[in-house]
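Single-structure report; data block below.
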Amino acid sequence: MNSPLSLIWTITAATTLLQIGNGLLQALMPLRMQASGLSISSIGIVAAAYGLGFSSGCFLAPAFIRHVGYIRAFASLAAIAAVVILTMASAESTLTWALLRGLSGVTFACVFTATDGWISARATSSHRGRILSVYMICTKIALMLSPLGIALGDIRSDGLFMAASALMSLSLLPIAATTTQEPPAPRSVRIRVKSLFLAAPSAVVGSFIVGLVNGPVVAITPVFGISIGLNQGEAAALLFALQAGSLLLQWPLGWLSDHWDRRYVIAGLAAGTSVVSVVILFASMSGAGALIIWAFAAWGGFALCIYSVCVAHACDIIEPEHIISTIGTLLFSWAVGVTIGPLFGAMAMSTLGPGGLFIYSAVVCLLLAVFVIVRIRQQKREPAKGGFVDVTPTSSPTAVMAPRGDVAEASERTMAEETTDAK
């Protein structure tokens, strides 16, 4: 098998299985915690623990992968994730949930670093678009469909946790069966918040706001659904709508950002998210179930695509040799937001009721839109010259998914240097 896709089928299959389990867990955990009597504030604390664990794992992962290699790293971490998920079935206190969720954040970050790094090393300029498209579509569909599995079991029993754990365990099979040579180990990433903020403030602030808003909404959406009178299947369908909207709008928005100053797209997405948040608020108050689903799809299409446009905007500005540290810095900005965001989102719900989550979302996204518009007026830039690639804030190796041809070539040179170092 000499086709480009033959180089990544094992890691794509493994990641897809992993994301099916992860998506099911995203829907299951908040509903289980609510059913166990935990408050919205406690659920927010647990979500913040995941963000803290994930951000820590992103910086621990390169050293771990350098030590054991991609295959062993994926296998050991997926096994740990499976055990952690099984342990969640017996969790009761907020502290226990937070510790387990934080540990899962560390393991998922390391796993995604391994998978992203593997894909990045196999993607060259001649077939980069095809490889990334297949990989992103498979993982996004997995995240989109898996929350619907919540309707197949009882959130108060252990069956759904066992199913999520089993999916994590099954993800080991494609990796164990691979016959391809694993890529060279990644380097560590230097974080340069100040210098990147001076060069591309809209990208840094945008990445932070993405974590600040997307973190609590994705983590608390199932609880929001139950709070407004939906059953557990309908509440999980809201997560489906978020991911479906992101999947449908990513390419039109990418095309748009390739032909305009990307900051206009960031500002438009932020303003659109703010408006849709208000629509969700009023739809939930009036009990308009169909409108809520469509509004969540629109929300996901706008909010979940902001990060990738921020990445593209930063990569339009910085020099190719700084691409790795740039993506690491944007990831750090996102991670800070996703760590503290659930605390604010949960506080808004506790104070203002279920709709408080989207009042919070509307206000924060409006602030982002205003900030970016002010930046546009202060600093004019030429329209982007194409090459958008939709990425998600998972790990630092996402850097080699950069949206410019010269950046891609720089990434390949980095990989070549790493191979030389390994020898």
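Taking the criterion of being touching a Pro at 6+ places or on another chain (Cβ under 7 Å) and among the small types (Gly, Ala, Ser), the only residue of the stretch 313-342 that qualifies is 341.
Residues in the stretch 247-265 include at least one that is surrounded by 24 or more Cβ atoms within 10 Å (Cβ to Cβ) and hydroxyl-bearing (Ser, Thr, Tyr).
Taking the stretch 49-64 as the search range and keeping residues that are touching a Lys or Arg at 6+ places or on another chain (Cβ under 9 Å) and under 24 Å from residue 238 (Cβ atoms), which one is surrounded by the fewest Cβ atoms within 10 Å (Cβ to Cβ)? The selected residue is 49.
When you scan the stretch 184-194, do you find a residue that is of a type in the set (A, V, I, L, M) and free of Cβ contacts under 8 Å to residues at least 12 places away in the same chain, even just one?
First, pick out the residues of the stretch 184-194 that are of a type in the set (A, V, I, L, M): 185, 189, 191, 193.
If we keep only those that are free of Cβ contacts under 8 Å to residues at least 12 places away in the same chain too, we end up with none.
For the stretch 184-194, residues of a type in the set (A, V, I, L, M) and free of Cβ contacts under 8 Å to residues at least 12 places away in the same chain: absent.
Scan the stretch 89-100 residue by residue and report those that are more than 12 Å from residue 42 (Cα to Cα) and at pLDDT 95 or above.
Here is the first cut: in the stretch 89-100, the residues more than 12 Å from residue 42 (Cα to Cα) are 89-91, 99-100.
Within the stretch 89-100, 99, 100 qualify.
Find the residue count for the stretch 131-168, including only residues that are of a type outside the set (D, E, K, R) and without any contact (Cβ under 8 Å) to a residue 60 or more places away in the chain. Give the steps one after another, and end with the answer.
First pass over the stretch 131-168, keeping only residues of a type outside the set (D, E, K, R): 131-139, 141-153, 155, 157, 159-168.
Narrowing the set further to residues that are without any contact (Cβ under 8 Å) to a residue 60 or more places away in the chain leaves 133, 152-153, 157, 159.
So the answer is 5.
Residue-level analysis places residue 163 outside the set of residues that are crowded, with 16+ Cβ neighbours inside 10 Å, over 27 Å from residue 372 (Cβ atoms), modelled with pLDDT under 85 and among the small types (Gly, Ala, Ser).
Of all residues in the stretch 63-70, at least one satisfies being free of Cβ contacts under 8 Å to residues at least 60 places away in the same chain and of a type in the set (Val, Ile, Thr).
The lone criterion from (1) in contact (Cβ under 8 Å) with a residue 60 or more places away in the chain; (2) buried (at least 24 other Cβ atoms within 10 Å of the Cβ) left unmet by residue 225 is number (1).
The values are calculated or read from the model by the stated rules, or taken from the named source; none is laboratory data. Quantities reported herein were computed from a predicted structural model and do not represent experimental measurements. Because the Cβ atoms are built from the backbone with ideal geometry, glycine has one as well, and the counts that use them run over all protein chains shown.
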